[in-house]
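The block underneath contains the structure these notes are about, expressed in structure tokens.
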Amino acid sequence: MRTPSLLGVALLCLSAMAAAMDNDTLSIEEGQNETSLLLRRCHGRKYRDWYKVGPYCMKYFNTPLSFANAEITCRQKAPGGHLASVHNARANADLIRIVKKRSRGQWSIWLGGMRLCKSSRFIWTDGSHWNFQKWAPGEPNNAWNNENCMEMYIKYIGYWNDFPCEGLRPFVCAFKSHKRQQEPED
């Protein structure tokens, strides 16, 4: 019987790792450090196409909806679901990766930020603390006194823009990842 070569074993291991990675992670652009290369999938059959971003599970939805309809859809898709809130630069970068991987070239998406009444202050629809922001240059500007909702902006990928809530955009839903919210694995 022939003994497998070290190169053969290494190739077998690499192909097994690649197959496992396709099932549990989302690979990202080359040239980044190893810790930011992969996003982990959320657990449970119902959430296999959702990705871990910090304490959240997030999913991109390609169907353009108004801000209100996108928020309603997020609430229906998962317990505690809302349009995505973003709390640090790493989460913003991970969100961009999900959108680039799943979108069909449409990178303007609804996020869960909205103007508080007629003020200049924004809040998250999930009620979380507003502790990070990444506005595009000159934003938020409330053009035409009608931009009360927030999108991730196609003009400056990864930056935010205030936009009329009636506009139609794809969106990203999120929910806090808790074991009790997720279905058990088989």
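Key figures
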{"item": "Difference of contour (0.36 nm per residue) and Cα-Cα distance, GLN76 to ASN131", "result": "17.2 nm"}
{"item": "Label point distance in nm, ASN88-TRP144, each placed 7 Å from Cα along Cα→Cβ", "result": "3.8"}
{"item": "Lys, Arg +1 and Asp, Glu -1 on Cβ, resulting dipole of the stretch 43-186 about Cα centre, debye, nearest 20", "result": "400"}
{"item": "Shape call, the stretch 52-124: gyration tensor on alpha carbons, a/c limit 1.5", "result": "rounded"}
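Every number in this text was worked out from the coordinates using simple rules, so none of it is lab data. Here the structure is a predicted model, which means the values were calculated and not measured. Ideal geometry is used to build each Cβ from the backbone, glycine not excepted, and the neighbour counts take in all protein chains shown.
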